[in-house]
């Protein structure tokens with residue numbers, strides 16, 4: 001019988017994985033609550049409560065409290081360090097909330113060279129910013145890119161692509 | 001390398017966009033009465049103007065469909081407009 005396991009990229013134990021490079025390091029951020037909110041966002045926020053500030057591309061969020069990462073005109077990811085209580089599913093006034101804790105893996109890059117690493121992966125103009133944090137990153141569509149400090153970046157990537165993105169970072173020439 | 005203006009996200013590199021077709025090339029209806037020639041013209045025949053053109057594009061990272069007016073010779077972009085309708 002053919003061993004199809006050999007087809008897949010080997011990956012580390014994410015809870016312990018860390019990349020240490022000259023001027024930057026990377027790790028996986030575990031345990032964040034992630035909720036995908038779609039539709040009439042103003043009505044969704046009115047019901048979900050004032051859950052922190054909204055961040056777009058390269059903007060800085062406060063990671064100690066809940067915040068919203070804007071994806072599109074009618075879509076955002078509500079991120080929280082603590083579990084959030086909400087009613088998932090479709091709501092009659094035009095919005096939906098979906099548990100996305102395991103849909104996105106969250107990578108954190110930190111250090112003085114972080115910006116150079118990010119600049120190699122995306123063509124987006126970081127200084128110009130953008131209302132949407134979604135960008136093409138290392139060839140992956142719709143990676144969410146923002147910061148939680150001046151030299152600390154968070155990336156939300158579809159979980160299935162995490163091994164690829166990790167390898168991209170791991171094998172990136174210094 | 002070009003940069004296109006997504007009506008929501010602003011200027012982004014062309015690699016984030018996908019061409020959707022010429023604006024105004026509406027799907028023929030009713031489908032059951034459309035001839036083979038009609039389908040072929042709808043699917044495969046484009047006017048492909050040299051110069052100012054109106055095209056449908058989608059910004060792949062945010063999913064916004066929009067109308068882009070640009071010059072296919074000079075690559076100058078004149079306007080981009082969201083194709084979303086207001087919620088009823």
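Summary table
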read-out: Residues that are farther than 22 Å from residue A:14 by Cβ, more than 17 Å from the chain's Cα centre (by Cα), part of a loop (DSSP other than H, G, I, E, B) and at pLDDT 95 or above, drawn from the range A:95-124; value: A:112, A:113
read-out: Residues that are loosely packed, with under 14 Cβ neighbours inside 10 Å, free of Cβ contacts under 8 Å to residues at least 24 places away in the same chain and under 12 Å from the mean Cα position of the chain (by Cα), drawn from the range B:14-27; value: B:26
read-out: Of all residues in the range B:67-86 being away from chain A (no Cβ under 13 Å), over 11 Å from the mean Cα position of the chain (by Cα) and surrounded by 13 or more Cβ atoms within 10 Å (Cβ to Cβ), the one that is nearest to residue B:48 (Cα to Cα); value: B:72
read-out: Odd one out for residue B:30 among (1) in contact with a strand residue (DSSP E or B) (Cβ under 7 Å, 6 or more places away or on another chain); (2) surrounded by fewer than 16 Cβ atoms within 10 Å (Cβ to Cβ); value: (1)
read-out: Matching option when the condition is farther than 25 Å from residue A:72 by Cα and away from chain A (no Cβ under 14 Å), among B:46, B:22; value: B:46
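A quick yes/no check of all residues on (1) under 15 Å from the mean Cα position of the chain (by Cα); (2) within 25 Å of residue A:39 (Cβ to Cβ); (3) within 14 Å of chain A (Cβ to nearest Cβ); (4) assigned to a helix (DSSP H, G or I):
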| residue | (1), (2), (3), (4) |
| --- | --- |
| B:12 | no, yes, yes, no |
| B:38 | no, no, no, yes |
| B:55 | yes, no, no, no |
| B:65 | yes, yes, yes, no |
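Table: residues versus (1) over 16 Å from residue A:159 (Cβ atoms); (2) without any contact (Cβ under 8 Å) to a residue 12 or more places away in the chain; (3) surrounded by 14 or more Cβ atoms within 10 Å (Cβ to Cβ).
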position	(1), (2), (3)
A:1	yes, yes, no
A:6	yes, yes, no
A:15	no, no, no
A:73	yes, yes, yes
A:77	no, no, yes
A:112	yes, no, no
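The values are calculated or read from the model by the stated rules, or taken from the named source; none is laboratory data. This one's a predicted model, so the numbers in the text were calculated from it and none came from an experiment. Backbone-built Cβ (ideal geometry, glycine too); neighbour counts: all protein chains shown.
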